[in-house]
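Working notes for the structure below.
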Amino acid sequence: MNKVNLTGRWTKDLELTFLPGNGTAVAKGILAVNKKFKKEGQPQADFLPIVIWRKQAESTSNYCGKKGDLIGISGRIETRNYTNKEGNTVYITEIVAEETDFLNFKSNNITGNVDNNQVEDYGKDITPVDEGDIPF
């Protein structure tokens, strides 16, 4: 089974690109994931390359793709290799995201254009219940 679950923060803004030809969206970034153990009181992290595809790439880039944004990633580890111009074999390991969880929503990203008066008026028409009137 090839399954990985990570929680971390982006080290810089996600790079969202579209493949030539079919226009498939792909977002790439580096996720800093804290290690459980610290060396000499200093927090340590692993820096892992993440790849996100299609609509999920677009929404992640728009809503949780800025440097420092906290995100949960569930996916798989993928490896590949190629021979570079110098004739050396280059090995690449990256995490391909299958699911993303946005862990630090910004209120303007969730609500969009909401009239502030509507938010302030929410719940004003609710009548409190006297707990003495409840039969159970």
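Scanning the stretch 68-105 for residues that are part of a loop (DSSP other than H, G, I, E, B) and free of Cβ contacts under 8 Å to residues at least 40 places away in the same chain yields a count of 5.
Have a look at VAL90, VAL96, VAL119 and point out the one that is modelled with pLDDT under 55 and surrounded by 10 or more Cβ atoms within 10 Å (Cβ to Cβ). Outline the logic, then answer.
Working: VAL90 fails: modelled with pLDDT under 55; VAL96 fails: modelled with pLDDT under 55.
So the residue among VAL90, VAL96, VAL119 that is modelled with pLDDT under 55 and surrounded by 10 or more Cβ atoms within 10 Å (Cβ to Cβ) is VAL119.
The values are calculated or read from the model by the stated rules, or taken from the named source; none is laboratory data. Keep in mind it's a predicted model, so treat the numbers as computed, not measured. No Cβ is skipped: glycine too gets one built from the backbone with ideal geometry, and neighbour counts run over all protein chains shown.
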